[in-house]
Amino acid sequence: NFISAVVPPGEIGIKFDDIGALEDVKTALHELAVLPMKRPELFSRGNLLRPCKGILLFGPPGTGKTLLAKALATEAGANFISITGSTLTSKWFGDAEKLTKALFSFASKLAPVIVFVDEVDSLLGARGGGSEHEATRRMRNEFMAAWDGLRSKDSQRILILGATNRPFDLDDAVIRRLPRRIYVDLPDADNRLKILKIFLAKENIESDFDIRSLANATEGYSGSDLKNLCIAAAYRPVQELLDEEKKGNKYDKTPALRPLNLDDFIQSK
Ligand code: ATP
C-alpha cells in the first residue's frame, strides 16, 4: 500500500498545544487551513478569500513539520492521509496513473482531509533532464493533473500539504501549486526552552535541573534533537538503577532526572 497512514481526526492525538514554539507557523496554518475547513461559509463569498489547495512546509530536518501536519488535521477536524514521496516513486513507479487516481478519489471520499506528502521533493522534484526516470516524470505529471482536476467543491476540503528539507529541488510548476510556503525554522534559545518544557513536563526532575541553561547550551538543536537528548537523560536514572540492582543494591524508586552535563550527551545530537 502506497499510503503510509490514514487517521481520523479524533485519533491523531496531537494538537497545536503539544508543539513547542512555532507560534507564527501555527497561526498561519490556522488562517490558511483550519478556518477554511471548519468555517467554509466564510471563504465562499467573493473572490478574495479562497481556501488554498496547497501549502508547503520547508526547513531543516526534525523541526516538527510532520508533527504540524498531524496537529493541523486534529485542529481542522480533518482526516489525515500521509504518503512519502520517496516510497511512491521507488515502489510504485510503474502505475503512476492508477495510483494517483486512486489516491485522489480516496481523498475525495475522506474529505475534509489533509493529504500530507512528506519528502515532496522526491515525488515532485525538478525535472532531471535526460537522467530523470521516465516513470518519475509520469508520476509527477499525473499527480499535478489530478490535483488540478479537483473540483472546486472538493478543493475546499482537500488540502495537499507538502514537506521538504530541500525546497530548491522543487519543480517550478509544483511551487506554483503550493502558493503558501511556510518556513519551519530551528528553534532559538527561548523556543528551545518552550520545547524542552513540553518534553519534561511530566518527568520527575531534580530541583536544580536548570532547563533554561540547557536551552541556552543547545544552539543548533532541532526539536527532534532536543527530544533525543531528553530521552537519553531520562534513561540515565533507569540505567543507574539497573547498575545498582546488578550490585545487589535496591532503590526504593527510580531516581529523579539529575542536572545534565551536556558533554555526556553530545553523541545524541
Ligand atoms: P524531517 O524533515 O526529518 O521529516 P520533521 O520536520 O518532519 O523532520 P518531525 O518528524 O515532526 O520533524 O519531528 C520529529 C520529532 O521531534 C517529533 O515527533 C517530536 O517528538 C519532536 N519535535 C520536533 N519539533 C518539535 C516541537 N516544536 N515541539 C515538540 N516536539 C517537537
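For residues that are of a type in the set (D, E, K, R) and buried (at least 20 other Cβ atoms within 10 Å of the Cβ), scanning just the range 105-127, find the one that is farthest from the chain's Cα centre (by Cα). Show your work before the answer.
From the range 105-127, those of a type in the set (D, E, K, R) are 109, 118-119, 121, 127; that's our starting set.
From what's left, buried (at least 20 other Cβ atoms within 10 Å of the Cβ): 118-119, 121.
On the way: Asp118: 8, Glu119: 10, Asp121: 15 Å.
The qualifying residue farthest from the chain's Cα centre (by Cα) is Asp121.
Could you please find all residues in the range 11-29 being in contact (Cβ under 8 Å) with a residue 12 or more places away in the chain, part of a helix (DSSP H, G or I) and farther than 17 Å from Pro179 by Cβ?
Listed by number, the residues that qualify are Phe16, Asp18, Lys26.
With the requirement that a residue be surrounded by fewer than 21 Cβ atoms within 10 Å (Cβ to Cβ) and either basic (Lys, Arg) or on the phi < 0 side of the Ramachandran plot (or both), what does the range 60-69 give you?
First, the residues of the range 60-69 that are surrounded by fewer than 21 Cβ atoms within 10 Å (Cβ to Cβ): 60-62, 66-67.
Once the filter is applied, which keeps residues that are surrounded by fewer than 21 Cβ atoms within 10 Å (Cβ to Cβ) and either basic (Lys, Arg) or on the phi < 0 side of the Ramachandran plot (or both), the range 60-69 yields Pro60, Pro61, Thr66, Leu67.
Determine which member of the set Asp208, Asp243, Asp263, Asp252 is at pLDDT 85 or above and among the acidic types (Asp, Glu). Show your work before the answer.
Numbers: Asp208 fails: at pLDDT 85 or above; Asp263 fails: at pLDDT 85 or above; Asp252 fails: at pLDDT 85 or above.
So the residue among Asp208, Asp243, Asp263, Asp252 that is at pLDDT 85 or above and among the acidic types (Asp, Glu) is Asp243.
From the list Ser224, Ser268, pick out the single residue that is at pLDDT below 85, within 16 Å of the ligand (Cβ to nearest atom) and more than 30 Å from Asn141 (Cα to Cα). First the steps, then the outcome.
Working: Ser224 fails: at pLDDT below 85.
Answer to the check: Ser268.
This table checks each residue for (1) of a type in the set (Val, Ile, Thr); (2) within 16 Å of the ligand (Cβ to nearest atom).
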{"residue": "Ile19", "(1), (2)": "yes, yes"}
{"residue": "Leu22", "(1), (2)": "no, yes"}
{"residue": "Ala33", "(1), (2)": "no, no"}
{"residue": "Phe43", "(1), (2)": "no, no"}
{"residue": "Asn47", "(1), (2)": "no, no"}
{"residue": "Arg50", "(1), (2)": "no, no"}
{"residue": "Lys53", "(1), (2)": "no, no"}
{"residue": "Leu57", "(1), (2)": "no, yes"}
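Residues Arg151, Arg166, Arg181, Arg127: which one is of a type outside the set (Asp, Glu), under 16 Å from Ala96 (Cβ atoms) and either within 15 Å of the ligand (Cβ to nearest atom) or at pLDDT below 85 (or both)? It would help to see each step written out before you state the result.
Details: Arg151 fails: under 16 Å from Ala96 (Cβ atoms); Arg166 fails: under 16 Å from Ala96 (Cβ atoms); Arg181 fails: under 16 Å from Ala96 (Cβ atoms).
The unique qualifying residue is Arg127.
List pairs: first residue in the range 62-75 and farther than 12 Å from Pro8 by Cα and assigned to a loop (DSSP other than H, G, I, E, B), second residue within 10 Å of the ligand (Cβ to nearest atom) and charged (D, E, K, R) anywhere in the structure, Cβ distance under 8 angstrom, at least six positions apart or on different chains.
Every condition considered, the pairs that remain are Gly62/Asp225.
So which of Lys109, Lys101, Lys91 is at pLDDT below 80 and away from the ligand (no atom under 16 Å from the Cβ)?
Details: Lys109 fails: at pLDDT below 80; Lys101 fails: at pLDDT below 80.
Every option except Lys91 fails the conditions.
List every residue pair whose Cβ atoms lie under 7 Å apart, where the two residues are 6 or more positions apart in sequence or sit on different chains, the first residue falls within the range 187-204 and is within 19 Å of Gly220 (Cα to Cα), and the second residue, located anywhere, is outside any helix (DSSP H, G or I) and aromatic (Phe, Trp, Tyr).
Arg192/Tyr221
The values are calculated or read from the model by the stated rules, or taken from the named source; none is laboratory data. Values in this document were obtained by computation on a predicted structure and should not be read as measured data. Here Cβ is always computed from backbone atoms with ideal geometry, including for glycine, and neighbour counts include all displayed protein chains.
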